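Undergrad: Please read through the structure below; I'll follow up with questions.
The values are calculated or read from the model by the stated rules, or taken from the named source; none is laboratory data. As the structure is a prediction and not an experimental result, all values here were calculated from the model. Reconstructed Cβ throughout: ideal geometry from the backbone, glycine too, with neighbour counts over all protein chains shown.
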Amino acid sequence: MKIKTKLRLGFGFLFLVILFFGAISLYYMNRISISSKVILKDNYKSLRLSGSMRAILDDQTLPLSAGSKREFLALLEQERSNITEPGERKAVEHVSRAFEVLSNPAISPGDKADALKSARQQLRRIDQLNMAAISSKNDAALAGVEKAAGYLIFAASICFLVLFSFMLNFPGFVANPLREFSEAIKGISRQNYKQQLQFSSTDEFAELAQEFNTMARHLNKWENSNLAKLQSEKRRIEAIIEQINDAIVGLDEHRKVLFINKVACSLLNMDKADVMGQNVNALMAKNDLLKKILNAEAEDKNFTIYADHKTSYFQLEKSLIHVPAFSPGDEAITEANIAAGEVYVLRNITPFKELDEAKTNFIATVSHELKTPISAIKMSVSILEDERVGTMNAEQKEMVQHIADDCGRLLKITSALLDLAQVETGNLQLSFRKTAPATIVNYAIDALRFQADQREIQLELHAAPTLALVNVDVEKTAWVLINFLTNALRYSTNRSRVVLEIQQSGDDVVFSVRDFGQGIPDQYQERLFERYFQVPTDGRNKSGSGLGLAISKDFIEAQGGTIWVESSVGEGSRFCFQLPGVGAA
């Protein structure tokens, strides 16, 4: 049976129940109305007629006038035609005979008095009979009303029980299948694809249940096939992670360990079975190395760990895992990336560190070994230039000058390489002492004044009147200024100027060297302080070794300062470094 037919039958049954109760109510209300009408129609008229006749007899004196006689006879005739109660007719006849006596002039006054008395008694008799009838009929009507009310209450109770039972049971006909469908759909949302709905009826719910069962079977089949693929891919990814030589730890969005490879377990001295799925906060409380790795700041990415029976070096890489999430919007579905966890990778850079140390040691050794023969060559060139040894022609002098220049450049390069080796190996020795900034600047100017005078380049010093002292290594800081001035003189034209400035910036002191040469293009400025980087030249200026600015950066940062460059093509360059002040000069 279809749902529509069942609904029609249900509402039709309700209509019949209401119609049945209404019919019973109308029937008994009609009976009560009829009883009331009988009382008014049959007895009230008799009481009115008898009262009117008695009023004529009481109000008129004997003998009665002709008009009173006619009125009395008319009333008496109406009463004779409205007799309804037993004994009422006899009383009416007595009243009629008494009125005849009263109307006969030949009757003595005494007989008339008796007749008047008899008429009055019989009228009262009529009143009594009708009043008694009214009382009995009223009792009968009340009994009928009570009986009708009982029937109505009984019918109402039956209808109430029927309707109450219908109200309880009939909605379940629709609600129960819908509840089963709702629970089944919730199960589908929880990926429970094995559930089935069973309805014994033949309505639309049964058809819908069959379609739902078919959909669940297809989803279960699809889930099983995709689950196998996902499990295969998961095992493949786990195998790849296990084979990686770097330590890897993955956390989900709740900071629980999602995966960890054997390298990380060995490095952290942890058992994989004990940490999988565990909250990392509880693990960090028991493992200081794990705590240090997970709480490392952005600048603390290098770790030295004793592993594999030797000191090893690692570099930390932290990545956030983002997965796409779809959310319904007002007009369309929007896609956004949400955080799903973190991955920590400790890359083993020990081989690179060892190679770098070997390179640094090689550079330091070679530089140190080269410094002695180069110094000897430079001394031999100085002896050749001495005319007491002998004179040389112009070509020989030029060749000796080139040899002297090249020896000077080689000595500078070897010195720079030795300084670089000290920085890279951490053996840089700094001798701090509180010094006035002007002392450092004057030291650098004096070192290059002769070179500037040869090219007629004016060295200008602009210093603030009040400057704080700086706690620095004077020689290393002056070396940085000399490097700045050397580069400024190299890229300045003859008869130009180079400006040195010392300014107070809060508690710090800023040193700067500015030239008015051709400037440095923007694409090269970020790489100026990298080792071995050289700005391409036009051939007119000899390029250096590419180590001066890199070593300057190391010197300044080792003293707690910062270094930078400001340059515009065609306007020149300004090299600056800033050192913390330690009090008034």
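Undergrad: Determine whether region 451-459 contains at least one residue that is in a strand (DSSP E or B), within 26 Å of residue 571 (Cβ to Cβ), touching a residue at least 24 places away in the same chain (Cβ under 8 Å) and among the acidic types (Asp, Glu).
TA: No.
Undergrad: Name every residue in region 259-279 that is assigned to a strand (DSSP E or B) and under 21 Å from residue 303 (Cβ atoms), in order of residue number.
TA: Scanning region 259-279 gives 259, 260.
Undergrad: Let me ask something additional. Identify, from the list 147, 186, 221, 194, the residue that is over 39 Å from the mean Cα position of the chain (by Cα) and modelled with pLDDT of 75 or more.
TA: 147
Undergrad: Within region 504-522, does at least one residue satisfy the condition of being among the aliphatic types (A, V, I, L, M), more than 29 Å from residue 435 (Cα to Cα) and surrounded by 15 or more Cβ atoms within 10 Å (Cβ to Cβ)?
TA: For region 504-522, residues among the aliphatic types (A, V, I, L, M), more than 29 Å from residue 435 (Cα to Cα) and surrounded by 15 or more Cβ atoms within 10 Å (Cβ to Cβ): present.
Undergrad: Which residue pairs have Cβ atoms closer than 9 Å, lie 6 or more positions apart in sequence or on different chains, and pair a first residue in region 108-127 that is in the same structural domain as residue 49 (by TED's automatic domain parsing) with a second residue that is exposed (fewer than 13 other Cβ atoms within 10 Å of the Cβ) and of a type in the set (Asp, Glu)?
TA: Every condition considered, the pairs that remain are 115/100; 120/58; 122/93.
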